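Accompanying notes for the structure given below.
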Amino acid sequence: MKEEKLVKKLYDENPKKEWDRLFKNPFHKLEFDTTMHFLLKYLPKKGLILDAGGGPGRYTIELAKRGYKIVLLDFSEKNIEFAKKKINQNKLNKKIENTIEGTIINLFTFKNNTFDAVLCLGGALSHVTPEKHRKKAVSELTRVAKYNSKIFISVMGKFGVLLNSVRRWPDEININEHFHNLSVNGEDYMWHGGKAFAHFFTLEELRNLVKGKIKIIEEIGLEGLATPNEEETNRLAKSKRYPNAWKNWLKTHYKLNTHPTIVDSSLHFMIIGRKK
Ligand SMILES: C[S@@+](CC[C@H](N)C(=O)[O-])C[C@H]1O[C@@H](n2cnc3c(N)ncnc32)[C@H](O)[C@@H]1O
């Protein structure tokens, strides 16, 4: 399928870019730190974790360092190669059960009820189209999780993207059909300057997608209230003039980012649930 090929090609082009993404500035680090905060809150103390759509392995490596056994799966060959290098460099080979090139739409290599937790983070599900494939992916992620175990899914949020649009993508707002499709259906065929496809979710849509399979425990906005202000957030984090501001902002971020309004307006948001 055309969209799938384009997404794979884009991620194959530059795995280092994806590796750097979450650490490139305080704004992006909010996604990583907030995700880790909630992973550590809800993951079992030990066990085997599937990092599906795990890309270059940021979460795989962080969790392996904390003693978890991990299987990393991604459909980008170059990301898997890159992740293997990072795993070697960090001497974590013993913690990594396997690194697999494969798709989240069909996890046929794994038996039912295999994993103690399943992750699908950073919007891997946002690259899947059409909707029936997203449904299939959720079924597969759930199938391979043990009964009652936790499943963590984070996606790109439609309202978060729209909150950034006026400032960042006026050229895209200018294209009638494209902007209609993005703002109404969450479908972006011009993602990354037309290189690939992304689907942006509303919270209600993700809730409906997992309905009947996953019982949601928590919903979290990952960039939260910082969503429309990337540059300003980065300035605040480094401000010498307002030395308490970043600490206070983070405190507020963690207090408010589970409010449904904040979840739904975040650039990325995560749901955590139990397999039913
Ligand atoms: C934005 S990256 C996120 C990587 C990692 N989970 C993180 O949060 O840092 C999205 C990843 O999803 C992968 N991906 C997209 N569609 C996929 C699919 N159908 N099956 C497996 N991986 C997929 C891409 O190759 C890419 O590595």
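Pick out the one residue from Lys69, Lys9, Lys24, Lys78 that is open to solvent by 10 Å² or more (accessible area, probe 1.4 Å) and free of Cβ contacts under 8 Å to residues at least 12 places away in the same chain. One residue alone meets the criteria, Lys24. Here Lys150 clears all of (1) within 15 Å of the ligand (Cβ to nearest atom); (2) farther than 25 Å from Pro15 by Cα; (3) part of a strand (DSSP E or B) except the condition numbered (1).
Within segment 49-91, take every residue that is among the small types (Gly, Ala, Ser) and at positive phi and give me the one that is farthest from the ligand (Cβ to nearest atom). Across segment 49-91, the extreme among qualifying residues is Gly67.
In the set Ile216, Ile272, which member is touching a strand residue (DSSP E or B) at 6+ places or on another chain (Cβ under 6 Å) and in contact (Cβ under 8 Å) with a residue 60 or more places away in the chain?
Values: Ile216 fails: in contact (Cβ under 8 Å) with a residue 60 or more places away in the chain.
Among Ile216, Ile272, only Ile272 is touching a strand residue (DSSP E or B) at 6+ places or on another chain (Cβ under 6 Å) and in contact (Cβ under 8 Å) with a residue 60 or more places away in the chain.
Taking the criterion of being touching a Gly at 6+ places or on another chain (Cβ under 6 Å), open to solvent by 30 Å² or more (accessible area, probe 1.4 Å) and outside any loop (DSSP other than H, G, I, E, B), would at least one residue in segment 194-209 satisfy it? Checked segment 194-209: no residue is touching a Gly at 6+ places or on another chain (Cβ under 6 Å), open to solvent by 30 Å² or more (accessible area, probe 1.4 Å) and outside any loop (DSSP other than H, G, I, E, B).
Among the helices (runs of 4 or more DSSP H) lying completely within segment 1-63, list those that include at least 3 residues that are closer than 25 Å to His133 by Cβ and at pLDDT 95 or above.
Values: elements: 2-13, 15-21, 26-42.
Correct list: 2-13, 15-21.
Scanning segment 169-193 for residues that are among the polar types (S, T, N, Q) and open to solvent by 90 Å² or more (accessible area, probe 1.4 Å) yields Asn174, Asn176. With respect to (1) open to solvent by 30 Å² or more (accessible area, probe 1.4 Å); (2) closer than 20 Å to Asn25 by Cα, the lone exception for Ser266 is condition (1). Could you grab the pairs with beta carbons closer than 6 Å, sequence gap of 6+ or different chains, first residue in segment 239-256 and closer than 19 Å to Leu222 by Cβ, second one not in a loop (DSSP other than H, G, I, E, B)? The qualifying pairs are Trp246/Leu236; Trp246/Ala237; His253/Gly224; Leu256/Ile262. Identification of helices (runs of 4 or more DSSP H) wholly contained in segment 216-276 with 3 or more residues that are of a type in the set (Phe, Trp, Tyr) yields 245-256. Of everything in segment 39-66, what is farther than 18 Å from Gln89 by Cβ, touching a Phe, Trp or Tyr at 6+ places or on another chain (Cβ under 9 Å) and open to solvent by less than 10 Å² (accessible area, probe 1.4 Å)? Give them in sequence order. Passing the criteria: Leu39, Ile49, Leu50.
Please go through segment 119-136 and pick out each residue that is among the small types (Gly, Ala, Ser) and more than 7 Å from the ligand (Cβ to nearest atom).
Once the filter is applied, which keeps residues that are among the small types (Gly, Ala, Ser) and more than 7 Å from the ligand (Cβ to nearest atom), segment 119-136 yields only Ser126.
Go through the residues of segment 95-109 one by one and say whether even a single one is part of a helix (DSSP H, G or I), touching a strand residue (DSSP E or B) at 6+ places or on another chain (Cβ under 8 Å) and within 9 Å of the ligand (Cβ to nearest atom).
no
Exactly one residue among Lys146, Lys150, Lys132 is over 18 Å from the mean Cα position of the chain (by Cα) and in contact (Cβ under 8 Å) with a residue 24 or more places away in the chain, and that residue is Lys146.
The values are calculated or read from the model by the stated rules, or taken from the named source; none is laboratory data. What you see is a predicted model, and the numbers here were worked out from it, not measured in a lab. For neighbour counting, all protein chains shown are included, and Cβ atoms are generated from backbone atoms with ideal geometry for every residue, glycine included. Calculation scope for accessible area: heavy atoms of the full protein, side chains included, ligands and nucleic acids excluded. Shrake-Rupley method; radii C 1.70, N 1.55, O 1.52, S 1.80 Å.
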